[in-house]
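Peer 1: Quick one: the structure is below, questions incoming.
What follows is calculated from the coordinates using simple rules that are stated; it is not laboratory data. A quick note: this is a predicted structure, and the numbers were derived from the prediction, not measured. Cβ coordinates were reconstructed from backbone atoms using ideal geometry, including for glycine residues, and neighbour counts include every protein chain displayed.
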Ligand SMILES: Nc1ncnc2c1ncn2[C@@H]1O[C@H](COP(=O)(O)OP(=O)(O)O)[C@@H](O)[C@H]1O
Ligand SMILES: [Mg+2]
């Protein structure tokens with residue numbers, strides 16, 4: 001499907017609406033986006049934990065690392081460099097820990113920086129979306145790039161996520177960026193399922209967090225403490241298979257599923 005030449009918005013609206021239906025995403029039941037507005041607040045960590053948590057509930061799960069600035073989610077699942085299988089039809093995601101993973105990092109070399117202007121990135125994204133062969137999935141998790149710029153907006157338009165999870169630390173700088181993200185979601189009518197508060201145990205008392213939740217009218221979905229193990233273990237699955245992992249990932253997936261049923 002070709003992008004419209006004209007920039008008039010009704011044409012683009014039609015294009016975006018049809019895009020998901022006519023792409024390999026048509027066999028995906030639920031697209032879940034993980035974003036923040038800020039870099040380094042735990043989007044990738046949460047995306048991988050969430051994928052493992054939902055897989056633990058028996059769902060088939062895909063994970064698409066769409067961070068143009070630093071794709072790294074596969075690193076959390078596999079210590080070795082992985083590459084997708086390409087055949088004539090497109091890219092086949094790699095299965096890591098039972099999760100179908102696709103990452104921009106599979107398509108570039110490690111030392112190659114990804115300098116891309118909005119239009120170029122948009123074009124690449126569109127092509128990737130049409131060529132990654134997800135097959136049938138219950139959930140596809142999108143690990144989104146930081147920021148609220150062009151690339152971020154194009155991703156929301158192309159994928160029309162069925163739900164968005166906002167992750168942030170309780171620090172006021174992160175909250176300010178998250179607020180901007182929440183405003184965009186509202187404008188684009190993307191359901192905000194809730195907020196994950198990351199590493200709040202490292203911060204002092206941050207009263208602004210409660211006010212933030214109130215302002216964006218979203219519930220607190222989960223609290224992810226600072227996990228020292230994340231800096232010590234090679235892959236995240238080593239954390240999942242611990243008493244903390246077994247207990248907390250269940251809470252994460254259950255809270256999320258309840259919220260999905262309420263919103264949809
Ligand atoms: N809860 C946590 N406990 C310990 N380290 C964390 C936690 N959340 C994130 N980190 C670390 O902070 C860094 C940034 O996290 P990452 O998930 O890559 O953020 P983002 O994808 O938003 O840039 C990583 O080194 C990650 O291991
Ligand atoms: Mg990341």
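Peer 1: Beyond 22 Å, what share of the Cα-Cα pairs of the chain remains, rounded to the nearest whole percent?
Peer 2: On the way: 18946 of 34716 pairs.
The answer is 55 percent, as a whole percent.
Peer 1: If you don't mind, another one. Out of all Cα-Cα pairs in the range 202-264, roughly what percent, to the nearest whole number, are more than 16 Å apart? Before the final figure, lay out the partial values.
Peer 2: Values: 1192 of 1953 pairs.
Looking at the range 202-264, the distances longer than 16 Å represent 61 percent of pairs.
Peer 1: Gaussian network model of the chain, Cα springs within a sub-10 Å range: biggest mean-square fluctuation belongs to which of 167, 99, 184?
Peer 2: 184
Peer 1: In deg cm²/dmol, rounded to 500, what helix-only [θ] at 222 nm does the chain give when every DSSP H run of at least 4 residues adds -39500 (n - 2.57) and the total is split over its residues? Walk me through the numbers before you get to the answer.
Peer 2: Numbers: 10 runs with 110 residues, N = 264.
Mean residue ellipticity at 222 nm (helix-derived): -12500 deg cm²/dmol.
Peer 1: Rank the residues 171, 264 as a footprinting-exposure proxy: fewest other Cβ atoms within 10 Å of their Cβ go first. Walk me through the intermediate numbers first.
Peer 2: Details: 171 18, 264 10.
Final ranking by Cβ density, sparse to dense: 264, 171.
Peer 1: A further question follows. GNM, the chain, Cα, under 10 Å: largest mean-square fluctuation among 73, 60, 47?
Peer 2: 60
Peer 1: Whole number please: convex hull volume per residue of the Cα set in the range 123-196, in Å³?
Peer 2: Details: hull volume 7.0 nm³, N = 74.
Convex hull of Cα atoms, per residue: 94 Å³.
Peer 1: Same structure, new question: In the range 145-188, how does Rg compare with the Kirkwood Rh, expressed as the Rg/Rh ratio over alpha carbon atoms? Intermediate results must be reported in sequence, preceding the final value.
Peer 2: Details: Rg = 10.6 Å, Rh = 11.1 Å.
Rg/Rh: 0.96.
Peer 1: Continuing with this model, one more query. Just want to confirm a number: the relative contact order over the range 9-263, from Cα pairs under 8 angstrom separated by 6+ residues, in percent. Each step should come with its number before you reach the end.
Peer 2: Numbers: 421 pairs, mean separation 67.1, N = 255.
This gives 26 percent for the range 9-263.
Peer 1: When the chain is treated as a GNM, springs tying every alpha-carbon pair under 10 Å, which of 30, 226, 19 comes out with the largest mean-square fluctuation?
Peer 2: Checking each option, the largest mean-square fluctuation is seen for 226.
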